[in-house]
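Here the structure comes first, spelled out in C-alpha cells, and everything after it is commentary.
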2 protein chains.
Amino acid sequence: MPQVSLEHLHDLAQRALARAGAHAEMAAATARALVYADAHGLSSHGVARVPQYALHLRNGRADGSARPEIAAAKGGAVLIDAGSGLAFAACALAVHEAIGRARDLGVAYVGVTNSHHFGAAGYHLEAVGAAGLVGMAFGNSPAAMPAAGGSRAIFGTDPIAAIFPRPRAAPLLIDLSLSEVARGKLMIAAKEGKSIPLGWALDKEGKPTTDPNAGLEGSMLPMGGAKGAMLALIVELLVTALTGAAIGFEATSFFVEEGNRPRLGQAFLVIDPMALSGRAVYDERIETLLAAMTEDPAVRLPGARRHALAAKAAEGGVAIPAALHRELVELAG
Amino acid sequence: MPQVSLEHLHDLAQRALARAGAHAEMAAATARALVYADAHGLSSHGVARVPQYALHLRNGRADGSARPEIAAAKGGAVLIDAGSGLAFAACALAVHEAIGRARDLGVAYVGVTNSHHFGAAGYHLEAVGAAGLVGMAFGNSPAAMPAAGGSRAIFGTDPIAAIFPRPRAAPLLIDLSLSEVARGKLMIAAKEGKSIPLGWALDKEGKPTTDPNAGLEGSMLPMGGAKGAMLALIVELLVTALTGAAIGFEATSFFVEEGNRPRLGQAFLVIDPMALSGRAVYDERIETLLAAMTEDPAVRLPGARRHALAAKAAEGGVAIPAALHRELVELAG
C-alpha cells in the first residue's frame, strides 16, 4: 500500500468532493474529518468514504450546495438544519454553538437534522476537549440492527462518543458504536474479500454469518444483546424525536447507489466543569480515576492507540490501498 | 409470600427508616422510591433495601439529618450536595431543578455529590416524563466491574436510564445497568440459595463463577465486553469528575456492615423538545419509531412489563418474602 502524506490525502479528498459538487467549505470540512479518521487508524471512516460521498453528491442523495442553518434556539438548546448536505460543516456549526452556550449557561444540547453520515463521532468532540469542556456525541445511521427480540433492522449502529479534557495530557476520547462491531469493518472485509467472525452479523434471514456481504445485506448484532438494543433506542430518539431527523429504518443504506436523502440526525451535549465541580475538583477526579485504571498494566486507556497512530501519521503519513489511491486521484481530476 | 398493599409497605419502610434516624422528609422520599421499585417488579431495589439503609443510618454510613443543598448553579447546570444522606430527597431536588431550568433554557444537567444508593435509576425520571420533557439519569455505585482488560473492580454497575414522554401513552422508560446483569440479582440469588449462570460474574481470582456469593466478592462482567467498560467509564466521569463524588472503587460495598460513607454521584440530563424539534414533530417521530418496533410481534417496548406490574400492584399490592416482612415490621417498631 502506498504511504501518502496527510496533506496529499486532504488535497485529493477535497478536490474529489468539490468536483462532485460540494461547495468549498463543505469539501474542506469533509476532507478534514476523513483525513483525521485515517490518521487515527479509523480507515473505515476515512478517505475510503470519498467515492461514496462523491456518488451521493452526484446522484442527489447529498446536496453539495447546502449551508447549515440554525432552525431553532433557546438557551442552551439549538437545532441545526444540515439541509441534506454532507454532515461535517453542520456538525462543526453545532459544536461551535454548543461550546459557546455551554460556556454561558453551563450546559448545551445541539441537535442536527437533515444530515448525512457524520463519520467518526469522536472527531467532532476534539474542539470541545480543546475548549476544556466535557462533551458527548450521538448519531444514527441507516437501519442495521433489530430491536431486542426482533428480526427486522430498525436502528442504525448508532455511535456514542465522549470527550473529557485532562489537565496535563490530551483529552480522554471514547468512541464506540452500539453494534458488536462497526459496520465499516464489514465493508472493509468485503472489499478485501475476507470472512468475518461469527457474532458480528446476521444474514437477511436472521442467521449468523461469516460472509461480510451477507452481513451487509442482513443486520448487525447489537453489543450486549437486549441492553445494546435499548441504548440504540435511546440514541435514535435523542437524534430523531428531538431533531425531526429520519429514524434508522427510514434512511437507505449508504452502500447502495439508489436511495433517499438519508436525513439522519446527530446531537452534541457539552457541559462546563466550571459550572459544577470546578476545575480543581474535576482535574483531581479524572486523574484519580485514570491512574487507578492504569495501575493495572493490562489496561489501556481508550483512545491511547489512536493518539499514538495520529502522532505517527502526522510525521510519516498513512498507508492507503493502491486501488483507493488511484480512485481518489481519478475523482480529484 | 404474604401479599401486602403498597400503602402498608410504604408505612413500614418509612417508619423503619425514621426509627433508624432519617428525618421525616428523607424517610418519606426513600419509602416512596423503594415501594415504586417493588410495584414495578424491581424487588432488588425495593423495600428489601430497608434493612441495609437502616443499618447505614445507624452506623453512620448515611446521615439521617442531611438536607440536600444547591452547592453550585449556573444557567442550566446545577450541583446538589446530598450531604451523605440517603439519595432520594437529593435526587428529587436535582430533578426539580433540572425540570425548571430545562423549561427556561431548553436543557439542564444537574449533578448530585456526597450521595448514596439511588435505587432504580428510572424512578427519578418519572417526574421528567410527566412534565413532557426528555430525561436521562446516570449514577455510579461501589466498584463492581473491571476496566477492559483489567482484573480489579474499578467501576460500579453504573445504571443509565432514559425517559421519553409519549402523546397518548405513558412515557417510554428505559433503565439498564452496565453490568451483564444487575448486582441486585446476585444478592437475591444468594439470599435464595440459588446458583447464577456463567457469564454474570467473576470470583475474586477473576475466574467465571456460578456461585452468587463468590460473584459478590469478585466482580461483575460488563455488558458487551470492552464497549460496556467504556460506557461505565463515561458514566463514572459524568457523575464524579463533574460533581466531586467518589469513584466506584473509592466507595465501600453497600453489602458490608463496616464501610465508608459511599459519597456516590448521580446526574440528570433534561431536555425540552419544545426548544428543538417542537411538540408535533417530537410526537410524530417517537410514535413512528415505536410503531415500527412493535410491528414485529416478538418485540416488546422497554418498560411495558413494568407498567403492567405497577398497575396490578396498585390494585392488589405485591408479594414480599415472609422473612423480609417480619424484618420490616420489627425495624418499624
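Starting from the Cα-Cα distance between B:D296 and B:A314, subtract it from 0.36 nm times their residue separation and give me the gain in nm to one decimal.
Working: separation 18, 0.36 × 18 = 6.48 nm, distance 2.99 nm.
3.5 nm is the gain from fully extending B:D296 to B:A314.
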How big is the C-alpha Rg of chain B next to the rule-of-thumb value 2.2 N^0.38 Å, as a ratio?
-> 0.97
For region A:10-138, what proportion of DSSP beta bridges, expressed in % and rounded to the nearest 5, is antiparallel?
-> 50 percent
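When you look at the Cβ of every residue in A:238-249, what mean number of other chain Cβ atoms sits within 10 Å? Working shown, then result.
Details: counts 6, 1, 7, 17, 13, 6, 8, 3, 2, 6, 2, 4.
Per residue, the number of nearby Cβ atoms from other chains is 6 on average.
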Rounded to the nearest 0.05, what FRET efficiency do A:S253 and B:R279 give with R0 = 35 Å and r taken as the Cβ-Cβ distance? Could you check?
-> 0.65
With one decimal in nm and the nearest listed first, the spacings from B:A304 to its own position in the other copies, using label points 7 Å along Cα-to-Cβ, are 4.4
For region B:7-87, what is the convex hull (Cα atoms) projected area averaged across all directions, in square nanometres?
-> 5.8 nm²
Which distances, in nm and shortest first, link the B:S195 label point to the same label point in every other copy, taking 7 Å along Cα→Cβ?
-> 3.4
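Quick one: if you take sqrt(5λ) for each eigenvalue of the C-alpha gyration tensor of the protein assembly as shown, what semi-axes come out, biggest first, whole angstrom? Please list the in-between numbers first.
Working: eigenvalues 363, 125, 120 Å².
They are 43, 25, 24 Å, listed from largest to smallest.
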Residues with beta-carbon under 13 Å from that of B:I99, excluding B:I99: net charge, scoring Lys, Arg +1 and Asp, Glu -1?
-> -2
Can you list the distances in nanometres, one decimal and ascending, from the B:G225 label point to the identical position in each other copy, with the point 7 Å along Cα to Cβ?
-> 1.6
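Compute the signed sum of charges (Lys and Arg +1, Asp and Glu -1) over the other residues within less than 15 Å, Cβ to Cβ, of B:G149. Before the final figure, lay out the partial values.
On the way: positive: A:R300, A:R305, B:R152, B:K227; negative: A:E295, A:D296.
With Lys, Arg at +1 and Asp, Glu at -1, the neighbours total +2.
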State the percentage of accessible surface on region A:180-221 attributable to carbon and sulfur atoms; use a 1.4 Å probe and exclude ligands, DNA and RNA.
-> 53 percent
Please name the residues of region A:103-136 whose accessible area, counted over protein heavy atoms with a 1.4 angstrom probe, falls by no less than 50 Å² between the chain alone and the full protein assembly.
-> A:L105, A:V107, A:Y109
Interface size A-B, as summed buried accessible area [1.4 Å probe, Å², nearest 100] = 6000 Å²
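Just checking the output field for B:211-224: average partner chain Cβ neighbours within 10 Å of each residue's Cβ? Could you put the intermediate results ahead of the total?
Values: counts 0, 0, 0, 0, 0, 0, 0, 0, 0, 0, 0, 1, 7, 11.
Shielding by partners across B:211-224 averages 1.
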Send over a whole-number figure in Å² for the accessible area per residue of the protein assembly as shown, probe 1.4 Å.
-> 35 Å²
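Going highest first, how would you order A:316-324, A:77-85, A:93-101 by mean Cβ packing within 10 Å?
Values: A:316-324: 15.9, A:77-85: 26.7, A:93-101: 23.3.
Highest-to-lowest ranking by the protection proxy: A:77-85, A:93-101, A:316-324.
Go ahead and estimate [θ] at 222 nm for the protein assembly as shown from helices alone: -39,500 (n - 2.57) per DSSP H run with n ≥ 4, summed, over the residue count, rounded to 500. Walk me through the intermediate numbers first.
Details: 22 runs with 270 residues, N = 666.
Calculated at 222 nm, the ellipticity per residue is -12500 deg cm²/dmol.
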Counting only protein heavy atoms with a 1.4 Å probe and every protein chain in place, the carbon and sulfur fraction of the accessible surface of region A:90-174 in whole percent equals 53 percent
Sulfur and carbon atoms: percent of accessible area, region B:276-319 [1.4 Å] | 57 percent
nm² value of the averaged projected area, convex hull over the Cα atoms of region B:180-221 = 2.2 nm²
List the residues of region B:40-77 whose accessible area drops by at least 10 Å² when all protein chains are present, compared with their chain alone, using a 1.4 Å probe and counting only protein heavy atoms.
-> B:A72, B:K74, B:G75, B:G76, B:A77
What whole number of Å gives the distance from the Cα centroid of region B:112-173 to the Cα centroid of region A:255-295?
-> 17 Å
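Looking only at other chains, what is the average number of their beta-carbon atoms within 10 angstrom of each beta-carbon in A:294-302?
On the way: counts 2, 3, 7, 2, 6, 9, 5, 3, 8.
That average works out to 5.
The values are calculated or read from the model by the stated rules, or taken from the named source; none is laboratory data. None of these values were measured; they are calculated from a predicted model. Cβ: placed from backbone, ideal geometry, glycine included. Neighbour counts: every protein chain shown. Protein only, heavy atoms only, side chains kept; ligands, DNA and RNA dropped before computing areas. Shrake-Rupley method; radii C 1.70, N 1.55, O 1.52, S 1.80 Å.
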